[in-house]
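Working notes, beginning with the structure itself.
The values are calculated or read from the model by the stated rules, or taken from the named source; none is laboratory data. Computed from a prediction, not measured in an experiment: that's the story for all the values here. Note that each Cβ is placed from the backbone with ideal geometry, even for glycine, and that neighbours are counted across all protein chains shown. To get the accessible areas, we keep the full protein, side chains included, count just its heavy atoms, and leave off ligands, DNA and RNA. Shrake-Rupley method; radii C 1.70, N 1.55, O 1.52, S 1.80 Å.
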Amino acid sequence: MSQGKLRQYYPLLWMLAIPILNIFYGILNRPGMKTYDLSTRVDEMLPFLPIFVIPYLIWYPFIAACLVTLFYRNRATYYRTLFALCLGLIISYIFFYFYQSGITRPQLGDGFLYSLVQFVYHNDAPYNCFPSIHVLTTYLMIKSSKQAFPHAGLRWTIHLLAWSIILSTVFVKQHVLLDIAGGIAVAEITYFVIGLVPAWARSRSRNPGKAFGASSE
């Protein structure tokens, strides 16, 4: 592959910002001075369903596949979604530092599905819950699919997988309902804010003097 053809794939390297930012997740994935419990009576009524560990683990390749597909189908939406995701991670880490929340996990039985849940529990301490990063990132794929995937079948497939991932966070007892609400709220805010940047840039390019407070006289 020629250097020119290879260069067109360079924007995919921006995805490396995600694992770099995730370094801070590991640092913060421990109890702080005070750990809050955001569970409600409804959360206590929700059952533990180990089958949902499958969509929970699908999250990792799902996010990567969606971002790569966005890159090929709609470059502007790819950038908007990726930058909204990174901004959302930063906001989440601020919450984790100043308002650390945790969750009580159930006792596990034997079997393949329980082994997968144990794998999740072993690699992710029961902190860093609000807002849910699983929900934040997955909901952004729902938002971006409306812009980048005109084919209804593909869009509904993404929505089905995305909502199964979001629901899995409470059914494998990794999160509570308020964590889901927080993840969706952060996703909505960051997607909206990043979407304002192109409009601001266009406005500034049309009125460079006003952008710096210069007089038009």
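Miscellaneous remarks
- Among residues of the range 116-168 being touching a helix residue (DSSP H, G or I) at 6+ places or on another chain (Cβ under 6 Å) and not in a helix (DSSP H, G or I), the one that is nearest to Pro55 (Cα to Cα) is Ser132.
- Selection status of Ile90, within 27 Å of Tyr127 (Cβ to Cβ), modelled with pLDDT of 95 or more and open to solvent by 50 Å² or more (accessible area, probe 1.4 Å): yes
- Output for the range 124-156, where each listed residue is free of Cβ contacts under 8 Å to residues at least 24 places away in the same chain and of a type outside the set (D, E, K, R): Ile142, Pro150, His151, Ala152, Gly153, Leu154, Trp156
- In the range 74-87, the residues that are open to solvent by less than 20 Å² (accessible area, probe 1.4 Å), of a type outside the set (A, V, I, L, M, F, W, C) and within 14 Å of Leu196 (Cα to Cα): Thr77, Thr81
- Candidate set from the range 1-44 (those that are over 17 Å from Val176 (Cα atoms) and among the charged types (D, E, K, R)); member that is nearest to the chain's Cα centre (by Cα): Arg30
- Residues of the range 32-48 satisfying the condition of being aliphatic (A, V, I, L, M) and open to solvent by 60 Å² or more (accessible area, probe 1.4 Å): Met33, Val42, Met45
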